[in-house]
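I have placed the structure first, in the form of structure tokens, so that the comments after it can refer back to it.
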Amino acid sequence: MKSGFARAKDFQGTATRSEFWWFSVFNAVCSSLAGSLDVLLGLNRSREFDSGVTISGGGLSAAVSILLLLPMVAVFYRRIHAVGKRATPLVLFMLVLPLAMVAAALFPGGQSHLGMWRDVLIAVALIEAVLLVYVLVLLCRRGVLEAASVGADLP
């Protein structure tokens, strides 16, 4: 976890599987605790859009998410580099579904308007599900340097 913060702005180099997964666990625990504290302290707020979509969250969980975003993206980049792939196309494509969902939520017109977006969101979600499986496989693979250190054949 230390290296996640120490190398928070470092998008070069590599990260081991344990570095990535332990930082991910740390991120999940911090986010869960912040969300729970938001609820316990009454900081959780909800907003319903004209489209019928409701988004809720609190200030503490938002602050924790913002603080952990850069280190998490950096360790993700380094992990993907460790298996010999480029991370930028993966990150950019993974942003398509959340951005499409936000666009659908912000457009006025109620539930009837979501019908127009429904097919697009379903198609993008299916493509992103396949991409997610691919990314999880990459994240679990032994890195090039890790494989070389145990004498495995390099890809």
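The values are calculated or read from the model by the stated rules, or taken from the named source; none is laboratory data. What you are looking at is a predicted structure, and each value in this text was computed from that prediction instead of being measured. Every residue, glycine among them, receives a Cβ derived from its backbone with ideal geometry; neighbour counts consider all protein chains shown. Areas reflect the complete protein model, heavy atoms only, side chains present, ligands, DNA and RNA absent. Shrake-Rupley method; radii C 1.70, N 1.55, O 1.52, S 1.80 Å.
Any idea which of (1) within 25 Å of residue 123 (Cα to Cα); (2) open to solvent by 30 Å² or more (accessible area, probe 1.4 Å); (3) of a type outside the set (S, T, N, Q) is the one residue 90 doesn't satisfy? The one condition residue 90 does not meet is (2).
Quick grid of which residues meet (1) open to solvent by 80 Å² or more (accessible area, probe 1.4 Å); (2) small (Gly, Ala, Ser); (3) modelled with pLDDT under 85:
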position: 79; (1), (2), (3): no, no, no
position: 105; (1), (2), (3): no, yes, yes
position: 113; (1), (2), (3): no, no, yes
position: 125; (1), (2), (3): no, yes, yes
position: 130; (1), (2), (3): yes, no, no
position: 135; (1), (2), (3): no, no, no
position: 151; (1), (2), (3): no, yes, yes
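The set of residues from region 1-24 being in a helix (DSSP H, G or I), open to solvent by less than 60 Å² (accessible area, probe 1.4 Å) and either at pLDDT 85 or above or among the acidic types (Asp, Glu) (or both) comprises 19, 20, 23, 24.
Is region 25-33 home to any residue that is more than 29 Å from residue 121 (Cα to Cα) and open to solvent by 80 Å² or more (accessible area, probe 1.4 Å)? Yes: region 25-33 contains one or more residues that are more than 29 Å from residue 121 (Cα to Cα) and open to solvent by 80 Å² or more (accessible area, probe 1.4 Å).
In region 44-58, the residues that are surrounded by 11 or more Cβ atoms within 10 Å (Cβ to Cβ) form Cβ pairs under 7 Å with partners that are modelled with pLDDT under 75 and among the β-branched types (Val, Ile, Thr), at six or more places apart or across chains, as follows: 48/54.
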